[in-house]
Number of protein chains: 2
Amino acid sequence: MIVRRLLSTVRPGFSLSPTIRQLLDSRPETERIVTVSGWIKSVRRQKNVAFAAITDGSDAKGIQAVLLKGIDDETLRRLTMGAAVRVTGRLVSSPSAGQSHEIVVDQKKKGDIVVLGDCDTETYPIQKKDHTAEFLRDQVHFRARTSHISSMLRLRDLLRRRIDTWFESQGFCAVNTPIITGNDAEGAGEAFRLALVENHHPAANSNVEPTPPSEFFGRPAFLTVSHQLHLEALATALSRVYTLSPCFRAEPSQTGKHLAEFWMLEAEWAFPSSSGVHGICDLTEGLLRDTVCGVLESDDVNVLWKKGEDSKRATFLNAFQGSRTWERITYTEAIRELENATSVPFEYQPKWGHALQSEHEKWLAEKLVGGPVFVTDYPAALKPFYMRINDDEKTVACFDLLVPHIGELVGGSVREQRADILEERMDGMEGVEWYLNIRKYGGAPHVGFGMGFERLVSWVSGIENIRECTAMPRWAGRMLL
Amino acid sequence: MIVRRLLSTVRPGFSLSPTIRQLLDSRPETERIVTVSGWIKSVRRQKNVAFAAITDGSDAKGIQAVLLKGIDDETLRRLTMGAAVRVTGRLVSSPSAGQSHEIVVDQKKKGDIVVLGDCDTETYPIQKKDHTAEFLRDQVHFRARTSHISSMLRLRDLLRRRIDTWFESQGFCAVNTPIITGNDAEGAGEAFRLALVENHHPAANSNVEPTPPSEFFGRPAFLTVSHQLHLEALATALSRVYTLSPCFRAEPSQTGKHLAEFWMLEAEWAFPSSSGVHGICDLTEGLLRDTVCGVLESDDVNVLWKKGEDSKRATFLNAFQGSRTWERITYTEAIRELENATSVPFEYQPKWGHALQSEHEKWLAEKLVGGPVFVTDYPAALKPFYMRINDDEKTVACFDLLVPHIGELVGGSVREQRADILEERMDGMEGVEWYLNIRKYGGAPHVGFGMGFERLVSWVSGIENIRECTAMPRWAGRMLL
């Protein structure tokens, strides 16, 4: 069957009315009548005129409506912070600083303002003053109405879109791997488990005893802690795959760096051009540079960086200036540097074969390097079974990317392709024969990494606590809505 | 702080080597030496030459390597179906039909072929013959290596990208709403519940009795069945939001139309231009036309439509030809049509106030209309509390989009904005005060819809069972990997 060229013949041409952002992006030069809808951020009343700042959440700035005399008093009274309104008026160049345009509402010239949803400021939890992050976490259904959280949400979207574009340019296919899995992450107790289900639809009027609750899938089911193993199966079919997908950890952590539900960017690709870990570092750095450089000048990023954080921000920006690539040191070198830093009062003594503690990672990125640093080739005993053993037989071909003020942003490795070595390391693990078999049959060399998406948002925006880097955060003891 | 223009100064210029698709898309005109990596699909040996079809999963076609005499016998022997290889040779225009280029491997001219991963065809579960869908479901870690499943995965990606582009053009922000929620979907028993967790890190050597397992979040937690309610909170802040996100239903269904884990496209937007349901239908149709028309000519879609399904495919294509918009009828009209179809032996008698059964939906889309049909304004008693009551006080402002061979593809509605009416309908529901409050404070009129992503893939590709519309399907009793 021949498929006719359809695109040109059918265009119903559907289009929503422009958002405030779309309206201003079109750089209108001639005055015209426009209608915008949104919420009142603030109102200033003067004798013959009132000014209402309106946002529809499409950008960080919103637009100012100039309400000339003649708007009825009842409507004016209802223009309170938070009220939903529809405004029709002339879009004109603005004489005020900080805005290119404003809307002049003049009833004599078809101007109009309609209140679509009132907001009683007496009882509305969101007030004009800056609320603390803690207070807003209790108002999670309202907090996207604040400029800070709405900027964060737009930044997330922008980062995600740039990531998608970048991976597409590199020949990757985005895939969806399962959330519910039989893999319990090696029984470390960090995986949420699904409860048993009541048995469904017992036959009506039957005399059969009710059966006890059972596993819905016939075996224990968990929420995934990482998509890596599943991605590996797809990478040995599609060559280059990635996913930006939810992951879950039942960690009791109450720090600002962990969530029980978070989004992770994970990529796996076959046939890497070099055999060690450096090709993965190259790709990771290329991805981050291209993605982050494209958002640095957005209004939302400017809103998010707090005043008084110039030095932290300069450190961040420095990573993207100049053409020098990011530092790389081996774990062994990193331990040596830490051991030599005798003047630093570490709580934990750095020692080869022991994990790097947060204080060590912090010192490496913030003090030794003063920027992002790839720490490579950790001892095999510290890392999971799937990482490729180096020729020294003591270390694995892996890296952690440490960045100032964040800690570990990305972790990646060459995957152990040699079925015999992998089998030995997996001795005693159950239900992983499939994972061996993707090596035994047409196994291709492949590599990959994972990046916590909220941590990326945190790095780029300066937001300190990742509970403010997602719309509706969940952590131990806390799940609103 | 002034952020300098960075994009132009730092470009590490990272790039992976081109995939087969990228190589061929660049339409090379002069011969040159290239290297491609992938897996052998088939090998044909002749006296002085062998032909190996190679795919790297980047497109539906792959590329043919022509191996001239001189390749060593041991390598030739290892070129079995499924083996991973790296091939270097001259990329030349191909004299054969069905391919634009091929790679000529001639050892005298720096040609080279290296086996990176052997594949023992004796025991490899994937054979050259077509396997049944059922067989491949047992080989879920391998099945993306078949042309059918890999085409489906690329089609998913393509559809997703086009959906993203379309929503961006309409001023929408993509958001991530929670997977774990306190909302049990009105206790219908369809929501998976998380198991209690063991209490963490009991103090060492303490004499305190171990405490029993408890709720990790301090209250019952479920996997979301829909992101709608959370999206509504964000739509009353950002105006236009959508998500393509996992959803879960603990349904015992064993049909080809239901999965326990599936992806759903859900959108909510505030300030719709018209007050009834038709604005949502307009947007839905605009989205589907623009998204689907852009993929109809892809090789992957052609691979997926089976031979002998011309009539089913013609019905599908017909929806995108011409400029006539899709049919819309009210539920009341649909019941009248069904009642009048006295010659059709329905199992269930159609009757106003009763749900449309699958057989009714099928008849409406396939027989009455012969294409997609929006059925609007269902009786309030059949639909959830959040849909807006029409002025007749009997029906709600909602629609289901029914399409031939699929059934319900999209469902949407105007959301009840009037807090008093909503409160009445929610009488007795717990933990939903926040949902009322987003109306009470600056509540804006808003509307939305949900579309099963696997059903969309099924419609576009002709794949009958949605277990073949996702990489690693889960349903009652079945969860591999």
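For first residues located in the range A:105-126 and facing another protein chain (nearest Cβ under 10 Å), partners that are β-branched (Val, Ile, Thr) and in a strand (DSSP E or B) and lie 6+ apart or on another chain with Cβ distances below 7 Å form the pairs A:115/A:85; A:116/A:85.
The residue that is farthest from the other protein chains (Cβ to nearest Cβ), counting only those in the range A:309-366 that are among the β-branched types (Val, Ile, Thr) and under 21 Å from residue A:459 (Cα atoms), is A:315.
Filtering the range B:37-54 to residues that are within 13 Å of chain A (Cβ to nearest Cβ) and either of a type in the set (A, V, I, L, M) or buried (at least 24 other Cβ atoms within 10 Å of the Cβ) (or both) leaves B:38, B:39, B:40, B:54. Residues of the range B:113-126 that are under 30 Å from residue B:91 (Cβ atoms) and within 32 Å of the chain's Cα centre (by Cα): B:117, B:119, B:124, B:126. Just so you know, in the range A:25-36 the residues that are within 33 Å of the chain's Cα centre (by Cα) and farther than 24 Å from residue A:107 by Cβ include one that is farthest from the other protein chains (Cβ to nearest Cβ), and it is A:27.
Taken together, the residues in the range B:67-119 that are among the small types (Gly, Ala, Ser) and surrounded by 18 or more Cβ atoms within 10 Å (Cβ to Cβ) amount to 6. The number of residues in the range B:241-260 being small (Gly, Ala, Ser) and either touching a His at 6+ places or on another chain (Cβ under 8 Å) or surrounded by 21 or more Cβ atoms within 10 Å (Cβ to Cβ) (or both) comes to 3. Between B:312, B:367, B:351, the distinction of being part of a loop (DSSP other than H, G, I, E, B) and farther than 30 Å from residue A:116 by Cα belongs to B:351 only.
Among the residues of the range B:373-405, the ones that are among the aliphatic types (A, V, I, L, M) and touching a residue at least 60 places away in the same chain (Cβ under 8 Å) come to 3 in all. Among the residues of the range B:142-199, those identified as of a type in the set (Ser, Thr, Tyr) and in contact with a Leu (Cβ under 7 Å, 6 or more places away or on another chain) are B:146, B:150, B:151, B:177, B:181. Checking each residue in the range B:225-239 for being in contact (Cβ under 8 Å) with a residue 24 or more places away in the chain and at the interface with chain A (Cβ under 7 Å from one of its Cβ atoms) picks out B:230, B:233, B:234, B:238, B:239. Entry remark, the range B:177-224: residues being modelled with pLDDT of 95 or more, assigned to a loop (DSSP other than H, G, I, E, B) and of a type in the set (S, T, N, Q) number 2 in total. Only residues that are more than 10 Å from chain A (Cβ to nearest Cβ) and not in a loop (DSSP other than H, G, I, E, B) were counted across the range B:127-154, and they come to 9.
Only residues that are in contact with a Gly (Cβ under 6 Å, 6 or more places away or on another chain) and assigned to a loop (DSSP other than H, G, I, E, B) were counted across the range B:386-405, and they come to 1. The combined condition, being touching a residue at least 40 places away in the same chain (Cβ under 8 Å) and closer than 19 Å to residue A:13 by Cα, is fulfilled by residue B:287. Looking at B:261, B:266, just one residue is within 28 Å of residue B:194 (Cα to Cα), in the same structural domain as residue B:416 (by TED's automatic domain parsing) and in contact with a Phe, Trp or Tyr (Cβ under 6 Å, 6 or more places away or on another chain), and that residue is B:261. Residues in the range B:165-185 that are charged (D, E, K, R) and either within 7 Å of another protein chain (Cβ to nearest Cβ) or free of Cβ contacts under 8 Å to residues at least 24 places away in the same chain (or both): B:168 only. For the range A:218-258, which positions are of a type in the set (A, V, I, L, M), farther than 23 Å from residue B:214 by Cβ and under 18 Å from the mean Cα position of the chain (by Cα)? A:244, the sole residue that qualifies.
For (1) within 13 Å of another protein chain (Cβ to nearest Cβ); (2) under 16 Å from the mean Cα position of the chain (by Cα); (3) of a type in the set (Ser, Thr, Tyr), each residue gets a yes or a no:
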{"site": "A:408", "(1), (2), (3)": "no, yes, no"}
{"site": "A:419", "(1), (2), (3)": "yes, no, no"}
{"site": "A:425", "(1), (2), (3)": "no, no, no"}
{"site": "A:428", "(1), (2), (3)": "no, no, no"}
{"site": "A:436", "(1), (2), (3)": "yes, no, no"}
{"site": "A:442", "(1), (2), (3)": "yes, no, no"}
{"site": "A:450", "(1), (2), (3)": "no, yes, no"}
{"site": "A:460", "(1), (2), (3)": "yes, yes, no"}
{"site": "A:477", "(1), (2), (3)": "yes, no, no"}
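The set of residues in the range B:261-284 being in contact (Cβ under 8 Å) with a residue 24 or more places away in the chain, part of a loop (DSSP other than H, G, I, E, B) and surrounded by fewer than 21 Cβ atoms within 10 Å (Cβ to Cβ) consists of B:275, B:276. When residue B:306 is tested against (1) modelled with pLDDT of 95 or more; (2) surrounded by fewer than 18 Cβ atoms within 10 Å (Cβ to Cβ), only condition (1) is not met.
Scanning the range B:406-431 for residues that are among the acidic types (Asp, Glu) and either without any contact (Cβ under 8 Å) to a residue 12 or more places away in the chain or in a loop (DSSP other than H, G, I, E, B) (or both) yields B:416, B:420, B:424, B:427, B:430. Of the residues screened, residue B:331 is not one that is among the aromatic types (Phe, Trp, Tyr), surrounded by fewer than 18 Cβ atoms within 10 Å (Cβ to Cβ), modelled with pLDDT of 95 or more and assigned by TED's automatic domain parsing to the domain that holds residue B:275.
The values are calculated or read from the model by the stated rules, or taken from the named source; none is laboratory data. Given the structure is predicted, the values throughout are model-derived calculations rather than measurements. Cβ: placed from backbone, ideal geometry, glycine included. Neighbour counts: every protein chain shown.
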